[in-house]
Each structure stands twice: as structure tokens, then as C-alpha cells.
1. Suppose the chain between residue 83 and residue 154 were pulled fully straight at 0.36 nm per residue; how much longer would it get relative to their current alpha carbon spacing?
2. Return P(r) of region 109-203 (all Cα-Cα pairs; 5 Å bins starting at 0; whole %; ordered from short to long distances).
3. Stretched out fully, how many nm does the piece from residue 109 to residue 92 gain, at 0.36 nm a residue minus the Cα gap?
4. Within 10 Å of each residue's Cβ, count the other Cβ atoms and sort 201, 123 from fewest upward.
5. For the residue pair residue 206 and residue 130, what label-to-label distance in nm results when each label sits 7 Å from Cα along the Cα-to-beta-carbon direction?
6. Listed highest first by mean packing, meaning other Cβ atoms within 10 Å per residue, what order do 108-121, 158-171 come in?
């Protein structure tokens, strides 16, 4: 039996080389479409500068204005006249009239009328004084360039002087109105005191005769 031939490196057949994978598609030969130019977004124009407010003081007052107060109608007991008062003023006005009636103790229709007229005049005098003070306070809100003297009391005094300079006729009318009310009040008080003096004197005389 013949002996097998010895195995040598030369006798081992070489392994076949792996084939390089080829792409499954062929490059396209169609011409490419030209790229579209990028769209430019329009630039928004700059906003116009704000228009200066022609009435800054009026708008500030409107912004600070409270809700309109409720109004109450009060019928006067003596003259049957209807008085329109705010809900805030009505209790103070009624208390004011009661104080006058309690102080002067009128008897009879004439004395009661005089006492009520005096109470109304005094109420109007209070209102005039309040309106004058409020007008000076309003000047501080409407002042376009408040004074700055370094001290608040000096600033208020300067604003008051400026208000007197800018609104002399208004303050003059308020002063004249206040003087007329004060004279009317004095005349009514003198008439009432005169009536009460004669009434009490007649009562004492009648009592002595009895």
C-alpha cells in the first residue's frame, strides 16, 4: 500500500479572494436642477416715535378719577324742595341740620325756617372753603414741572402762589361768594335771635300778669 504524500504549505491551495461589493445603483447621468435662491424676509419698519399727549394733565386726572359716587335725592321737609346729595355727604348734612335745630331750639314756623336757612348757609360756607382748598391741592397734581426747593412745605407754598397768579378771577369770585354767604348768615341769625328775644319776653310778661 503506497504511503500518503506529506502535507506542506505549498501543497495547500490558496483561498479565493473575496470579491469587493459593488454599489447596487449606477450614478445618475440626468442634469441637476439649479438651486432656488433663498427668500429674504422683509424687514419690518421701525415704529414711529410716540406722539406727545396734548392733554397730559387731563388724562392723569381721568386715570386717578374714582368711580362716580352714588347720588341720593333728599326732599327738604320745610320747602318740599329736592336736594341732590352724594351718598357720602347725606349723613353729614342731616347731622349738621340736627345740630342747628338742637342749638337754637326754634319754636314756630318762622323760627324753624330761619334756623334751616342758617344751617344751609353754613353748609355752603363749609363747601366753599373746601373747594378753595381742593383747588390749591389740584394745582399740585396738574403742575407740569413741580417746584423743587428742597423742602416740601416750600414747594407747596410756591405752588399756591402760582395758583393765585394763574387763577386770580376764580379765587376772587370764591372770596366774594363767601362774603355774601357770611353776610346772609349774620342777618338771619340776628333776625332769629330778635324773634326769640321777643317771644321769651312776651312769655315772661304773660307769666307775671297771671
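1. Taking 0.36 nm per residue and subtracting the Cα distance, the gain is 21.5 nm.
2. Bins of 5 Å from zero give 2, 12, 17, 14, 12, 10, 9, 7, 6, 5, 3, 2, 1, 0 percent of pairs.
3. Here the answer is 3.7 nm.
4. So the ranking, lowest neighbour count to highest, is 201, 123.
5. For the pair residue 206/residue 130, the computed spacing is 4.2 nm.
6. Sorting 108-121, 158-171 by mean packing, highest first, produces 108-121, 158-171.
Since every read-out is calculated from the coordinates, none of them should be taken as a lab result. This structure is a prediction, so every number in the text was calculated from the model and none was measured. No Cβ is skipped: glycine too gets one built from the backbone with ideal geometry, and neighbour counts run over all protein chains shown.
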